[in-house]
Amino acid sequence: MADQPHNICSYEGSDYQSTFWDQGERLYEDQVEAIALRRLLPSKGSLLLELGAGAGRNTPRYQGFERVVLLDYSLTQLEQAQSRLGDSSRYLYVAADVNRLPFVAGLFDAATMIRVLHHMPDAPRSLQQVSQVLQSEAVFILEYANKHNLKAILRYLLKKQPWSPFSLEPVEFAALNFDFHPNAVRAWLLQAGFSLERLLTVSHFRVGLLKRFLPLKLLVALDSLLQWTGNWIQLSPSVFARCIARGERPPAEAGQFFRCLDCDGVDLVEVSDYLECQACRKHWPVRNGIYDFRGIES
């Protein structure tokens, strides 16, 4: 395949799930994120969009939803998700860029974006894209990397890092890896048409020494208690936000789902191994059950 755009962080061909989560001593982070999701997600729903689904680590946690759309830029990550989740019509797999979502407006009644925003060089645009495909009053669960965390504050005060955790602009600490200030994210969400209903602070004890010497159950229990302080103070490296899509948002018309990224047409017909836009005749591949809207030539 051709090279991906330079502003997209892709996990194509990586073993991220196995090395970072399965073998990477991240059980603490996984468990506290599961708690945050359980506290913020609606108990049931119709159609949920999981942005940056990767290999499907969180997907089994959306059992209350009738259908889940797993979206990721990496084809190989989605293939791993297929293997993990099995052959079920409940799941639909889409390879696409978060900043160019191939769905009609007002389609989803819920969405999640976990460990994804920190790869977005234009975070406000990404949040706008999510907002456009949600129905009125839809719930959006956003996780973001917090630059205003306790470790960063201490390092700055001790002159161990040059950037300020108190300023509003994002900090790119590695290529296509950004930390954000909570006040900046709050402003972007409001601009995108969301109201902020609840904040949870997560992964307070993401320190190797603590994870090595303190029992996992104790760390998870303490983190679970501290999560509730999120509405008042955000000093953890990870923040979860429950947001509500506000304003007039007509629901998608019956039978409409995908939109063509070339002409914005909404009549796409599945023919063999591709979707064909009836307006501009553009073909969008379907690769082993994965709808590919990346626009990458094979």
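Leu117 fulfils the conditions (1) within 22 Å of Val220 (Cα to Cα); (2) in contact (Cβ under 8 Å) with a residue 60 or more places away in the chain except for a single criterion, (1).
Whenever a residue of the range 120-148 is at negative phi, its partners that are assigned to a helix (DSSP H, G or I) and polar (S, T, N, Q), lying with C-beta atoms within less than 6 angstrom and at least six residues away or across chains, give the pairs Met120/Ser126.
Quick one: what pairs do we get from the range 281-297, first residue assigned to a strand (DSSP E or B), second surrounded by fewer than 16 Cβ atoms within 10 Å (Cβ to Cβ), C-beta under 6 Å, 6+ apart or different chains? Taking only residues 6 or more apart or on different chains, the pairs are Val286/Asp273. Of all residues in the range 253-280, those being among the small types (Gly, Ala, Ser), on the phi < 0 side of the Ramachandran plot and without any contact (Cβ under 8 Å) to a residue 12 or more places away in the chain number 1. Out of curiosity, is Leu196 among the hydrophobic types (A, V, I, L, M, F, W, C) and either loosely packed, with under 12 Cβ neighbours inside 10 Å or touching a residue at least 40 places away in the same chain (Cβ under 8 Å) (or both)? In short, yes.
Yes or no: the range 216-224 includes at least one residue that is of a type in the set (D, E, K, R), in contact with a Cys (Cβ under 7 Å, 6 or more places away or on another chain) and either in contact (Cβ under 8 Å) with a residue 12 or more places away in the chain or at positive phi (or both). Steps first, answer last, please.
Step one: list which residues in the range 216-224 are of a type in the set (D, E, K, R), which gives 217, 223.
So of that shortlist, the ones also in contact with a Cys (Cβ under 7 Å, 6 or more places away or on another chain) come out as none.
Within the range 216-224, none of the residues are of a type in the set (D, E, K, R), in contact with a Cys (Cβ under 7 Å, 6 or more places away or on another chain) and either in contact (Cβ under 8 Å) with a residue 12 or more places away in the chain or at positive phi (or both).
Any residue at all in the range 155-164 that's closer than 21 Å to Gly52 by Cβ, in contact with a Ser or Thr (Cβ under 8 Å, 6 or more places away or on another chain) and either not polar (S, T, N, Q) or not assigned by TED's automatic domain parsing to the domain that holds Pro42 (or both)? No.
Checking each residue in the range 246-272 for being charged (D, E, K, R), surrounded by 12 or more Cβ atoms within 10 Å (Cβ to Cβ) and under 20 Å from Leu71 (Cα atoms) picks out Arg259, Asp262, Glu270. For the residues Pro237, Pro215, the requirement of being loosely packed, with under 13 Cβ neighbours inside 10 Å and either under 22 Å from Glu25 (Cα atoms) or more than 20 Å from the chain's Cα centre (by Cα) (or both) singles out Pro215.
The values are calculated or read from the model by the stated rules, or taken from the named source; none is laboratory data. Being a predicted model, the structure only gives us computed values, none of them experimental. A quick note on method: Cβ atoms are made from the backbone with ideal geometry, for glycine too, and the neighbour counts reach across all protein chains shown.
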